[in-house]
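Below is one structure; the comments refer to it alone.
Just so it is clear, none of the values below were taken in a lab; they were calculated from the coordinates. As the structure is a prediction and not an experimental result, all values here were calculated from the model. Cβ atoms come from the backbone with ideal geometry, glycine included; neighbour counts cover every protein chain shown.
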Amino acid sequence: MVVSPFHGLTGMEIEALRNAISDELLNYQGWIADDYGRVKMKFSGVNIYKAGYVTAISKILENL
């Protein structure tokens with residue numbers, strides 16, 4: 001059986017996920033998201049989140 005990864009999320013949790021990958025937050029932090037869903041520091045290129053971070057959250061939000 002497959003259980004939905006967003007089963008039981010509250011409105012507050014959904015908004016937190018949206019915020020986590022928002023352009024506004026990324027810009028404020030000086031981060032960018034690359035084509036692989038990885039979040040990196042804009043100028044140094046240091047990884048903040050591994051590949052798949054943004055894409056995974058986006059897929060969850062698309063299926064709500």
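What Kirkwood hydrodynamic radius, in Å, does region 11-62 give when the mean of 1/r is taken over all pairs of distinct Cα atoms and then inverted? List each step's numbers first, then the result.
Details: mean 1/r = 0.0904 Å⁻¹.
After inverting the pairwise mean of 1/r, the radius is 11.1 Å.
So, with +1 on the Cβ of K and R and -1 on the Cβ of D and E, and no other charges, what is the size of the charge dipole of the chain about its Cα centre, to the nearest 20 debye? Let's see the in-between values first.
On the way: 6 positive and 7 negative charges, 49 e Å.
Rounded to the nearest 20 debye, it is 240 debye.
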- Message: How tilted is helix 53-62 with respect to the longest principal axis of the chain? Cα atoms for both, answer in degrees (0 to 90, nearest 10).
- Response: 40
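Rounded to the nearest 500 deg cm²/dmol, what is the calculated helix-only ellipticity per residue at 222 nm for the chain, with -39500 (n - 2.57) per DSSP H run of length n ≥ 4? Each step should come with its number before you reach the end.
Working: 3 runs with 27 residues, N = 64.
About -12000 deg cm²/dmol.
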